[in-house]
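S.K.: First, the structure itself, so that you have it in front of you.
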Amino acid sequence: MRIGIIAEGFADASVIKAVVKKLLGCDGSDIRVLRPEEAFDETDLQALNFSNWQLVFESCRDTTFLSAFFDSLEGEAFLIVHVDTAERGLPGYEVNEPVRSKGVDYAAYSETLRKNVMDKVCSLIAEPYRDRIVYAIAVEETDAWLIPLYENKAGDSASHVRAKETLSKLIGADKKRVRAFVDTERKSLNYVKLGSALAKDLSQCRKRNKSLDLFCVDIENRKPKEDEDK
């Protein structure tokens with residue numbers, strides 16, 4: 001089985017790859033990140049090396065882009081499309097949003113918002129490819145999927161509006177976490193290592209983030225039948 005990923009950024013793609021490898025037991029060579037495409041050196045930079053939600057949407061609209069992936073492969077293949085919901089409501093990313101108020105059930109909120117975003121993205125994709133798409137819709141950001149690793153609280157971690165800031169604070173408050181998960185040279189979080197940590201404790205994190213759990217369910221449903229029979 002071959003798997004493609006269109007994501008908002010390298011960090012998101014790293015987290016998604018770790019989850020997919022854990023759930024399907026596949027090798028990293030089976031997964032290809034189409035956007036953003038990783039550059040090996042400064043001379044290799046191309047338009048696909050950059051991404052954001054607008055470019056994810058643009059890729060979904062581009063039938064030539066999608067066919068170049070699917071038509072080049074033999075056997076089963078599916079494409080993961082990732083977007084965060086933090087930018088919802090911006091021009092071009094308008095979706096119906098459930099009420100977010102004090103006391104809201106964030107798991108139910110996440111499920112509804114995720115479906116609305118999925119419907120939006122699905123409408124951009126040519127019909128022949130729609131059944132071959134898995135949606136990684138992160139409420140609010142993929143950082144929220146990682147928060148349960150370091151925050152021992154009840155409730156869905158989508159309650160954090162600024163998930164990236166919250167995750168950075170949780171890691172920055174512990175010296176061992178800083179050494180393990182901060183790239184000191186780039187002065188940023190190391191999402192490859194964070195993705196690995198998520199994969200190791202995925203079952204627990206799924207209980208604390210509904211959008212992560214629903215993504216995992218969709219991936220599990222793509223597992224080849226022969227693997228399920230083993």
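The values are calculated or read from the model by the stated rules, or taken from the named source; none is laboratory data. Predicted model only: the values in this text are computed from it and were never measured. Here the Cβ positions follow ideal geometry from the backbone for every residue, glycine too, while neighbour counts run over all protein chains shown.
S.K.: Listed residues SER29, SER59; which is among the small types (Gly, Ala, Ser), in a helix (DSSP H, G or I) and at pLDDT below 95?
M.R.: Unique residue meeting the criteria: SER29.
S.K.: Check LEU79, LEU66 and return the single one that is in a helix (DSSP H, G or I), among the aliphatic types (A, V, I, L, M) and surrounded by 12 or more Cβ atoms within 10 Å (Cβ to Cβ).
M.R.: Being in a helix (DSSP H, G or I), among the aliphatic types (A, V, I, L, M) and surrounded by 12 or more Cβ atoms within 10 Å (Cβ to Cβ) holds for just one of LEU79, LEU66, which is LEU66.
S.K.: Output the qualifying pairs, or none if there are none: Cβ atoms under 8 angstrom, residues six or more apart or on different chains, first residue in the range 23-41 and within 24 Å of GLN54 (Cβ to Cβ), second residue modelled with pLDDT under 90 and of a type in the set (A, V, I, L, M).
M.R.: Final answer for the pair search is LEU34/LEU48; ARG35/LEU48; PRO36/LEU48; GLU37/LEU48; ALA39/LEU45.
S.K.: Might you let me know whether the range 110-119 holds any residue that is surrounded by fewer than 20 Cβ atoms within 10 Å (Cβ to Cβ), in contact (Cβ under 8 Å) with a residue 40 or more places away in the chain and not small (Gly, Ala, Ser)?
M.R.: Yes: one or more hits.
Yes/no per residue for (1) surrounded by 12 or more Cβ atoms within 10 Å (Cβ to Cβ); (2) under 17 Å from PHE215 (Cβ atoms):
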residue: ASP84; (1), (2): yes, yes
residue: GLY89; (1), (2): no, no
residue: VAL95; (1), (2): yes, no
residue: SER101; (1), (2): no, no
residue: VAL104; (1), (2): yes, no
residue: VAL121; (1), (2): yes, yes
residue: ILE133; (1), (2): yes, yes
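S.K.: Another question about this same structure. Of a type in the set (A, V, I, L, M, F, W, C), under 19 Å from the mean Cα position of the chain (by Cα) and part of a helix (DSSP H, G or I) - does that describe any residue in the range 98-107?
M.R.: Yes, the range 98-107 contains at least one residue that is of a type in the set (A, V, I, L, M, F, W, C), under 19 Å from the mean Cα position of the chain (by Cα) and part of a helix (DSSP H, G or I).
S.K.: Assess whether TYR106 counts as being among the hydroxyl-bearing types (Ser, Thr, Tyr), farther than 20 Å from GLU58 by Cα and out of contact with any Pro (no Cβ under 9 Å at 6 or more places or on another chain).
M.R.: Yes.
S.K.: Is it fair to say ARG177 is free of Cβ contacts under 8 Å to residues at least 40 places away in the same chain, among the charged types (D, E, K, R) and not in a helix (DSSP H, G or I)?
M.R.: So ARG177 does not fit the description; no.
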